[in-house]
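Structure in structure tokens, see below.
The values are calculated or read from the model by the stated rules, or taken from the named source; none is laboratory data. Everything numeric here is computed off the predicted structure, so don't read it as measured data. A quick note on method: Cβ atoms are made from the backbone with ideal geometry, for glycine too, and the neighbour counts reach across all protein chains shown. These area figures cover heavy atoms from the full protein model, side chains too; ligands, DNA and RNA do not enter into them. Shrake-Rupley method; radii C 1.70, N 1.55, O 1.52, S 1.80 Å.
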Amino acid sequence: MSDSEKVRVLVHLPHGAAAEVVDRLRVGARVVTVERTAELLERLASEAWRAVVVSLEDEDDMRLLPRVVEAVPSAVVVAVHPQPGFDDVLAAEAAGAAVLLRFPEEAARIPDVLAPYMEESGDHPVSGETPPDDGMVGSSAALLEAYRTLVRVAPAVTPVLVEGESGTGKELVARALHTRSPRAGAPFVPVNCAALPEGLLEAELFGYEKGAFTGAVGRSEGRFGRAHGGTLFLDEIGEMGLGVQAKLLRALESGEIERLGSGDVVRVDARIVVATNRSLEERVAEGAFREDLLYRLAVVRVSLPPLRRRPEDLLPLAEAFVARFAEQHGRPIAALSREAVAMLRGRTWPGNVRELRNVLDRAVLLARGGVVRSVDLAHEGTTPSLAPSGGPLSEGYPATWSLQEVEARHIRRVLARTGGHMGEAASILGVHRNTMTTKVREYGIDPQAPMARESGDTGS
């Protein structure tokens, strides 16, 4: 790589105090050193810097740091100080510096801190447009079908069953149904049926009178009562006990409920939207769910695909989440690096959109220099399976991986060995070609762009 092609690093350190650091940085970057503050400020505006190292000697220099960060919003800034205290670390963090190091004792850490940022660039700009209030982002065929159903049924009062794996956005669908219905001005009341034991769930749903049971120190109208005129969302409906199911069926058929401890009948008008990550037909077969209730709830079904089955939505979702969290946390994030995007695409996302959201929330908080990079995604504390799909693994794969992640990774490895040949890969895996095609589609794998061979893969 020629000197003109190297990334640029501006170093402001005491004269002759960091020659070894500068020499190490010059291996992969074009380094410009300055000694005076005035020269530092002048050079900041002269070129596009990937990183800036700035020396802070006193309070005046500490006030300089926000000016440096503001002048190079897309660069990563490392600050050094002879005796940094708690207030100095706090000020450096608030200003947007990646880290504040003690100098010269920690000078050797500077190249290591900057290394993850040297080879990555922001190839995917973030538009700055935050997701809509209902959070519905994506244009894949599977998701568009869900959109079409939502548009048709939103104005009605018909019960809706939303099906999908955990984290696919079932509550977002329920809220979208509510906000696009004539009931939008009334309450949207969610209930997680799996989070409450049967006795407490019954009391929460239908309400109770004072003294109806131990601990009932007052009167409660219940979630049905609170949702009057609006929408009642019952999440994880498959976990509801049979006793509560019977009362729910009666409420749906008659529009009436009875509070615990009262013989009075109360009229309620609430649209019911339910969600499940399990097959209710299977629950019926197990004797754990009433068949008549299933028929009553599943008048309209909306199926949400897992994220691995709509890979074309991954990047729009990622950009939307980065924009949202950048605004929320006050971070000047403008892009995702090429390597970060590859890392996101290399994961099967067993936790679906919720997992992606949480990973990017953390990444935006950790990011420096206006770009979310792979180092921000793979920060200590991140699940091991967020490693790039092509990276070598010393013990095959971490014990924390799901079976889906292991299967998806092995399919990618086999495709890499066969050069993307589906028939040959199916033969190696011992499955029918149709099964292979289904798996490739399920995990969002591109057979013509398989992951790079890992250490130990010789192709033999």
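Taking θ = phi - 60°, what integer Hz values does the Karplus form 6.51 cos²θ - 1.76 cosθ + 1.60 yield along the range 294-299, in sequence order, with x for Gly and Pro?
So the J values, rounded to whole Hz, are 4, 4, 6, 8, 8, 4.
I would also like to ask the following. Could you tell me which residue out of PHE289, VAL299, ALA320 lies farthest along the dipole of the range 284-348 toward its positive end? Charges go on the beta carbon: Lys and Arg +1, Asp and Glu -1, centred on the Cα centre.
Of PHE289, VAL299, ALA320, it is ALA320.
Relative to a virtual label point 7 Å from the Cα of GLU253 in the Cα→beta-carbon direction, which members of the range 226-246 show backbone nitrogen distances below 15 Å?
Only 243-246 pass the distance filter.
Normalized C-alpha radius of gyration of the range 264-377, against 2.2 N^0.38 Å?
For the range 264-377, the normalised Cα radius of gyration comes out at 1.52.
Any idea how far apart ARG441 and ARG267 come out in nm if each label point goes 7 Å out from Cα toward Cβ?
That separation, rounded to one decimal, is 5.0 nm.
Size of the dipole of the range 252-308 about the Cα centre, Lys and Arg at +1 and Asp and Glu at -1 on the beta carbon, nothing else charged, in debye to 20?
That gives a dipole near 360 debye.
May I pose another question? What length, rounded to one decimal in nm, is gained on full extension from ALA194 through to ASP87, with 0.36 nm per residue of separation minus their alpha-carbon distance?
34.0 nm
Apply the Karplus curve 6.51 cos²θ - 1.76 cosθ + 1.60, θ = phi - 60°, to the phi angles in the range 258-272 and return the couplings in whole Hz, x for Gly and Pro.
These are the phi-based 3J(HN,Hα) values: 10, 6, 4, x, 9, x, 7, 9, 10, 6, 10, 10, 9, 6, 9 Hz.
Now for a different question. Order 421-429, 237-245, 71-79 from most to least packed using the mean count of other Cβ atoms within 10 Å.
71-79, 237-245, 421-429
From the backbone phi of the range 415-432, what are the Karplus-calculated ³J(HN,Hα) couplings (6.51 cos²θ - 1.76 cosθ + 1.60, θ = phi - 60°) in whole Hz, Gly and Pro given as x?
4, 5, 5, 8, x, x, 7, 5, x, 5, 5, 4, 5, 4, 7, x, 10, 5
If each residue of separation counts as 0.36 nm, what is the full-extension length gain between ARG109 and ASP361 once their alpha-carbon separation is subtracted?
88.1 nm
Still on this structure: For the pair GLU145/SER427, report the inter-label distance in nm, with labels modelled 7 Å from Cα in the Cβ direction.
Between GLU145 and SER427, the simple spin-label model gives 3.4 nm.
Would you mind getting the Kirkwood hydrodynamic radius of the range 289-355 from its Cα pairs, rounded to one decimal in Å?
14.7
Here is a follow-up. I need the peptides 88-101, 183-196 ranked by packing, meaning the mean over residues of other C-beta atoms within 10 angstrom, with the highest value on top.
Per-residue Cβ counts within 10 Å, averaged per peptide and sorted highest first, yield 88-101, 183-196.
Another question, if that's okay. Give me the one-decimal nm value for the distance between modelled label points at LEU403 and SER166, 7 Å along each residue's Cα-to-Cβ direction.
Reported label-point gap for LEU403 and SER166 is 1.6 nm.
Using the Cα centre of the range 228-331 as the reference point, and only Cβ charges (+1 on K/R, -1 on D/E), how large is the resulting charge dipole? Debye, rounded to the nearest 20.
The calculation lands at about 180 debye.
Right, another one. Heads up, I need the accessible area for HIS12: 1.4 angstrom probe, whole protein in place, Å², nearest 10.
Accessible surface of HIS12 is approximately 10 Å².
Where the centroid of each part is defined by its Cα atoms, how far is the range 150-168 from the range 42-80 in Å?
Here the answer is 51 Å between Cα centres.
Expressed in nm to one decimal, what extension gain is obtained for the pair ARG338 and ARG26 from 0.36 nm per residue of sequence separation less their Cα-Cα distance?
110.0 nm
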